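Report on the structure given below.
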């Protein structure tokens, strides 16, 4: 009987300690989870870095496109000189009536698509007046639209 009591007391002492211990490999899984979380953080940082690089590249592309546009306008101005000697600069506004001499054939801008301007309607044409572009109704002589400093 004495042995039975000692064995039961020993069992009572050992059972709670074994129940509180971690299962086999739990510490290893915890370390693995921590490493995975750290890897995810590194990946997220890399993604942010790549996104910033993409934004920077897009800004460079926009800057290059602006420079190309300015270069195209400059080249157009050099290739299409226009006689403005009899006139002096006047800042026209939409609705102003102008003389036919201002929208004669020598001042017509035919490649308006190059500058991303709207297509002229019936009896309308884009003309150049110094650095401004005017959309003129040729029947009435009225200025429909003005783009200031279009050829700068």
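Computed from the coordinates by the stated procedures, all read-outs in this text should not be read as laboratory data. Remember, it's a predicted structure, so these values are computed and weren't measured experimentally. Positions of Cβ are backbone-derived with ideal geometry, glycine not excepted, and every protein chain shown enters the neighbour counts.
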Fewest Cβ neighbours within 10 Å first, please rank 135, 9 accordingly.
9, 135
Using only Cα atoms, find the angle between the long axis of helix 2-20 and the longest principal axis of the chain, and express it within 0 to 90 degrees, rounded to the nearest 10.
10
Taking a ≥ b ≥ c as the square roots of the eigenvalues of the Cα gyration tensor, with a/c under 1.5 meaning rounded and otherwise prolate when a/b exceeds b/c and oblate if not, region 81-152 is rounded
Each label point is 7 Å from the Cα along the Cα-to-Cβ direction; what then is the distance between the points at residue 77 and residue 108, in nm?
2.4
Stretch residue 60-residue 41 to full length: gain in nm at 0.36 nm per residue minus the Cα-Cα span?
4.0 nm
Angle, helix 26-79 long axis vs. longest principal axis of the chain, Cα atoms, 0 to 90°, nearest 10?
10
Using just the Cα positions, wrap the chain in a convex hull and report its mean projected area in square nanometres, one decimal place.
18.5
Which of 26, 79, 94 moves most in a GNM of the chain, Cα contacts under 10 Å?
26
Run lengths n ≥ 4 of DSSP H only: what is the helix-derived mean residue ellipticity at 222 nm for the chain, with -39500 (n - 2.57) per run over all residues, to the nearest 500?
-17500 deg cm²/dmol
